[in-house]
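Only the coordinates and a few stated rules stand behind these numbers; no lab work does. Note that the structure is predicted; figures quoted are calculated from it, not measured. Ideal geometry is used to build each Cβ from the backbone, glycine not excepted, and the neighbour counts take in all protein chains shown.
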Amino acid sequence: MRKQIHEGRERSALRWMMLSQSMMTFGGGIVFPFYLIFVKEIGGDFTEYGIAYGLFTLCSAYLNGVFGKSSDRYGRKRFLLLSAWGTALLFLVFPIVTDIWQIYALQILMGVFGAMQKTCEKALLADMTEEGRRGEQIGRYHIGVSICSGLAVMAGGVLIDLFTLDVMFYLGSIVLFLSGLMLSGVGEKTPT
Amino acid sequence: MRRRVWGLAIVSYALLLALSIFTRMKMPAGEYASDVGRLMEIRVHKVVHIEQTDDIVDALAEAKRKKLPISVSGARHSQGGQTLYENAIVLDMKGYDRILHIDEDRKLIRVQSGATWEKIQKAIQPLGLAMRIMQSQNLFTVGGSMSVNAHGRDLGEGPLIDSVESFRLLLASGEKLQISRTENAELFPLVIGGYGLFGIILDADLRLTDDAVYKKHVVPLDYQAFPEYFREQVLRSPDSVMAIARMSVAPDSFLKDMFVTAYLKTDEALTEDLAELNDERFVGITKFAFGLSRKFDWGKGAVWRLQKKGYLVEEEERISRNNAMRPAASFMEYADTQKTDLLQEYFIPVDRFLPFVDGLRRIVREDELNLLNVTIRYVPKNKEAMLSYAGHDSYAFVLLFNTKRTAPALQRMELSTRRLIDLALEQGGTYYLPYQLYGTTRQIKEAYPNIDAFYVAKRVWDPGLLFMNELYARYGR
Ligand SMILES: Cc1cc2nc3c(=O)[nH]c(=O)nc-3n(C[C@H](O)[C@H](O)[C@H](O)COP(=O)(O)OP(=O)(O)OC[C@H]3O[C@@H](n4cnc5c(N)ncnc54)[C@H](O)[C@@H]3O)c2cc1C
């Protein structure tokens, strides 16, 4: 009986997690395909676009290790929340930047939050799934997240025809913020 | 307690969201505008699409209220920000394009300034009329063409100012003036060739001529033989009406091989077939060929051979005046985000043709410029406009370069352009202002000796500098 309740809670936690991370992908996904246009509007060219993207990836590469380790200590949900809300706030800054260096700075911060999200999402998934059924559970989880990222790209395509890029960033930001709120439904075993 | 924290987070987020949106809205409206050169993207306050005179009056009032400058744009084929200015209200005149009146007997047309030549041709061709002068393509607007005082390929016609009877101008003061060679005459040579700096041209009365049948006559020759040939055979011939010459950019005949296409008068009747306006033929193929020659030297050679064959085939071909004035241009449209085609134009006194070509060849080779196309038109002396570019009977060299849009590549282009301008000035020539603003202050003064008087007049008629563009910002202040 006890075990069942526990299992139910776990299952719903996994569902909240899926919902939250799906929204996270969605929020980012409606903006990213148009990122290049954005860099160009600020006056950058392909080189600068490359630099901006490279900064993002390099930054998050190193930090993955750092955050992975800290999440063992301080809890992963905390980092996922920080990542969602942090990115949501960064998205509020994009519409008001005027210079390419500001984009570089934003990209570095995006890299920081990106690393938090990537590592902690995987680690938390591992925590929340049970040995023996892990593949099945992660598979189901990924169906949801992937569908959302596909939908996001399509929705982005439609929306960008209707709105300016600024509006896209605001929409993305709101969705990201909500995805953070969803995490409140994810219970986490307190780390020992 | 937990609730409290979440609530606080939501409220803070909402505040930050509002703050960001508020800041965004206080920033300039964030419309970016550019022209065909796509070299500068300038953040303008906004673009107003004009359809009627009231729209212009309203925009003027708004600009004064908000203390913003105004820039005027037509088809935006100028390439150096002549239609743009930082944080300006840009009036896009293309929708202000009604044909107001055609007087068949006096051969006059009154049109609003946003009308393109294409629209005018469609209206006057059925009446057996044609333009006296216009650029070699028909996609430009009347206002934009008057403001640069465009020239064409007609041997006997001066620049556009010659065919303007009168026009109406909306001044910075809000006053509408009728301007001709007899009324408010001092504004006539200022506004035509005045790059939109004196006011907004509302509508204009332009002189027309009869449509007619011409016969093409194509002659290939070496550039050394060109000056004499053109003087003796083309200009002296009572039958030649229009002419254009083309120089090879292929490596093995670079700026040496050329051919001249002259359009000769005939007394043949204008059949309906001939009179009907043609649309561009072979755009796809020409575009592809042009693409090859942008990229490769062998492409340049192939295109030259093709062109030569093609033009020679046209020998003796009959063509109406209207159709002779509307050749293809869209194959030149070019949307590569990393590169751009830049047009430039130099006016060289007819007797300085050879030294200019030799100098041009040297500079293009030394600076390794990617020169795609060279055409030459004859422009008879005309000093009516204040910023006249034709102080002598001249050849107008139209050069098309392809360049990367990166800062170092453009800087190189800027330096090379200055060399080319100096070359033109040394030969007693000038350069054309609708293109990139690469010339130095010294160069523009040498080419346009009246330019200081032009600036003084600008400040008399527009003391608040309401009408602004990058050209005036670069040189006038
Ligand atoms: C492919 C190509 C070929 C060309 N061939 C030729 C040629 O054969 N001969 C030639 O002379 N030139 C030629 N040009 C140059 C061309 O004539 C000028 O760029 C001309 O200004 C283009 O007209 P537009 O309608 O695009 O004007 P825009 O570029 O829109 O405007 C040009 C100027 O006119 C002003 N202006 C526009 N409308 C008004 C108005 N209603 N009232 C007041 N000011 C106004 C603008 O403020 C600006 O300063 C060529 C250009 C290109 C790109």
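A few comments on the model shown:
- Value of relative contact order over segment A:2-182, rounded to a whole percent, pairs C-alpha under 8 Å and six or more apart: 47
- Database remark: amide H of B:ALA150 closer than 5 angstrom to the amide H of B:LEU160 (H placed geometrically; neighbours at sequence offset of 5 or more, or on other chains; Pro and chain starts carry no H).
- Where N is the number of residues in segment B:101-231, Cα Rg divided by 2.2 N^0.38 Å: 1.19
- Helix B:53-66 axis, angle to chain B major axis (alpha carbon atoms, nearest 10°): 50
- Only DSSP H runs of four or more residues enter the estimate; each adds -39500 (n - 2.57), and after division by the residues of chain A the mean residue ellipticity at 222 nm equals -29000 deg cm²/dmol.
- Cubic angstrom per residue, convex hull over Cα atoms of the protein assembly as shown: 196
- Placing R0 at 25 angstrom, the Cβ-Cβ distance between B:ASP239 and B:VAL313 gives a FRET efficiency of 0.70 after rounding to 0.05.
- Sorted ascending by nearby beta carbons within 10 Å, beginning with the fewest, B:LYS107, B:LYS64 become B:LYS64, B:LYS107.
- Between amide H atoms placed 1.01 Å from N, distances below 5 Å from B:VAL72 occur with B:LEU91, all of them 5 or more places distant or on a separate chain.
- Based on DSSP H segments of at least four residues, each scored -39500 (n - 2.57), chain B has a per-residue ellipticity at 222 nm of -10000 deg cm²/dmol.
- Principal-axis tilt of helix A:134-162 within chain A, Cα atoms, nearest 10 degrees: 30
- Considering segment A:85-127, its Cα convex hull presents a mean projected area of 3.0 nm².
- A dipole drawn for segment A:87-192 from +1 and -1 charges on Cβ atoms has a positive end, and of A:SER173, A:ALA88, A:GLY135 the residue lying farthest that way is A:GLY135.
- 3J(HN,Hα) couplings calculated from phi for segment B:211-218 with the Karplus curve 6.51 cos²θ - 1.76 cosθ + 1.60 (θ = phi - 60°) are, in sequence order, 5, 7, 9, 10, 10, 7, 9, 10 Hz; Gly and Pro show x.
- Counting only residues at least eight positions apart within a chain, or on another chain, the lysines with an alpha carbon under 19 Å from that of B:LYS265 are B:LYS215, B:LYS216.
- Over segment A:68-192 - Rg/Rh using Cα atoms and the Kirkwood inverse-distance radius: 1.02
- Taken about its Cα centre, chain B carries a charge dipole of about 2360 debye when Lys and Arg each add +1 at the Cβ and Asp and Glu each add -1 at the Cβ.
- Our summary gives chain B a relative contact order of 16 percent, counting only alpha carbon pairs under 8 angstrom and 6 or more residues apart.
- Rg/Rh (Cα only; Kirkwood hydrodynamic radius) as it applies to segment B:197-320: 1.06
- Nonlocal amide H pairs with B:LEU129, under 5 Å, H built at 1.01 Å: B:ASP211
- Couplings 3J(HN,Hα) of segment B:430-440, computed from phi: 9, 10, 8, 8, x, 9, 4, 8, 8, x, 7 Hz, in residue order, whole Hz [Karplus 6.51 cos²θ - 1.76 cosθ + 1.60, θ = phi - 60°; x for Gly and Pro].
- Counting every other Cβ atom within 10 Å of each residue's Cβ, B:THR83, B:THR417, B:THR430, A:THR47 order from fewest to most as A:THR47, B:THR417, B:THR430, B:THR83.
- A simple count of charges around B:VAL111, restricted to other residues whose Cβ falls under 9 Å of its Cβ and scoring Lys, Arg +1 and Asp, Glu -1, yields 0.
- Cβ-placed point charges (K, R +1; D, E -1), dipole of chain A about Cα centre in debye, nearest 20: 1000
- Taking label positions 7 Å along the Cα-Cβ direction at both A:ARG78 and B:ASP452, the computed distance is 7.4 nm, reported to one decimal.
- Cα-based radius of gyration for chain B, normalised by 2.2 N^0.38 Å, reads 1.06.
- Positive-pole candidate from A:PHE79, B:GLY301, B:MET468, dipole of the protein assembly as shown, charges at beta carbon: A:PHE79
- By other beta-carbon atoms within 10 Å, ranking B:LYS215, B:LYS256 with the fewest at the front produces B:LYS256, B:LYS215.
- In degrees, nearest ten, helix A:76-93 long axis to first principal axis of chain A (Cα): 20
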